[in-house]
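Reading through the C-alpha cells given below for one structure.
Quick note: the coordinates plus some simple rules give every number you see, no bench work behind them. None of the values given here were measured: they were computed from a predicted structure. Cβ coordinates were reconstructed from backbone atoms using ideal geometry, including for glycine residues, and neighbour counts include every protein chain displayed.
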Amino acid sequence: MAILPAARQPGPRFWGAVVAAIVVVGHAPAFFHRLLDGDEAIYGSIAALMNLGGRLYAEGGVDNKPPGIYWVYAATFRLAGTYQMTAIHAVGLIVVLATCWLIFAIGRSLYGVRAGMLAALIYGVFTAAGNPRLLASNTEIFMMLPLTASFLLMLRREWLWSGTLLVAAGAFRQAAAINLVLVPLAIVLMEPPGLRLRAFGWFAGGSAAA
C-alpha cells in the first residue's frame with residue numbers, strides 16, 4: 001500500500017506574509033484619518049513652507065526636532081502633493097514594515113526564525129495598538145528604521161555602516177544617541193583585543209562622515 005506523503009508545513013515565507021498582513025491590518029486605520037496627532041500638522045505645515053523656498057529653522061518653520069522628519073514630509077509632498085497625508089501614512093507604513101524585517105533579521109541571527117517572527121510581529125502590532133496617536137507618521141517611527149539597521153550591522157561587526165546609520169537615526173530623534181552606550185560593550189565582546197581600536201576607528205569614521 002502506498003504511503004501518503006506527510007502534509008507540508010508552512011514555511012518562513014508563509015509566516016512572514018502572515019506577520020506582514022497582521023501589521024498592515026493593524027495600521028490600516030491610519031488611512032481613514034487625515035491627521036492622527038498635532039505633530040503631523042506641525043511637520044506638514046513646516047514641510048509645505050520648505051517646499052515654497054523657506055529655510056528650515058528660519059522662515060520655513062522653527063521647531064525643536066532634528067531635520068529628518070521635515071525632509072521626509074517635504075519630499076513626499078513634492079511627489080504626491082502638498083498636505084497629501086495619505087501618502088505620508090503610506091510612507092510611514094512602509095517604514096514600519098521595513099523595520100519589522102530588520103527586527104526579524106536580528107531575532108533570527110540571535111535565536112532563530114521563530115524568535116525573529118515573534119519579535120517582528122510584536123513591534124508591528126504594538127506600534128499600532130492601544131493609542132490612535134501611535135499610528136502617526138512621527139519621529140519615532142522614522143528613527144527606528146536606521147536605528148534598527150545600525151544595531152543589526154553592529155551584530156555583524158560592520159562598524160563603519162553601523163556608525164553611519166546611527167547618525168541617520170539621530171537626524172530624526174535625539175534619543176537614538178542612547179545606542180552609543182552599546183558600542184563599547186559590543187566591540188569589547190565581539191572583537192579580539194588586537195582589533196578593538198580599529199573597530200572604534202571605523203565606527204567613529206562612519207559617524208563623522210554621516
Largest-first ellipsoid semi-axes for the stretch 156-210, taking √(5λ) over the Cα gyration tensor eigenvalues, angstrom: 20, 12, 7
Provide the FRET efficiency to the nearest 0.05 for the Gln9-Ile94 pair, computing r from the beta carbons and using R0 = 30 Å. 0.50
Along Cα→Cβ, 7 Å out, is where each label goes; now give me the distance between the ones at Asn64 and Leu155 in nm to one decimal. 3.4
Scaled to the compact-protein estimate 2.2 N^0.38 Å, what is the alpha-carbon radius of gyration of the chain, rounded to two decimal places? 1.21
I need the peptides 133-142, 47-56 ranked by packing, meaning the mean over residues of other C-beta atoms within 10 angstrom, with the highest value on top. 133-142, 47-56
Given points 7 Å out from each Cα along the Cα-Cβ axis, report the Ala175 to Ala208 separation in nanometres with one decimal. 3.1
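Might you report the magnitude of the Cβ-based charge dipole of the chain about its Cα centre, with Lys and Arg at +1 and Asp and Glu at -1, to the nearest 20 debye? Don't skip to the answer; put the middle values down first.
On the way: 14 positive and 8 negative charges, 123 e Å.
Roughly 600 debye, rounded to the nearest 20.
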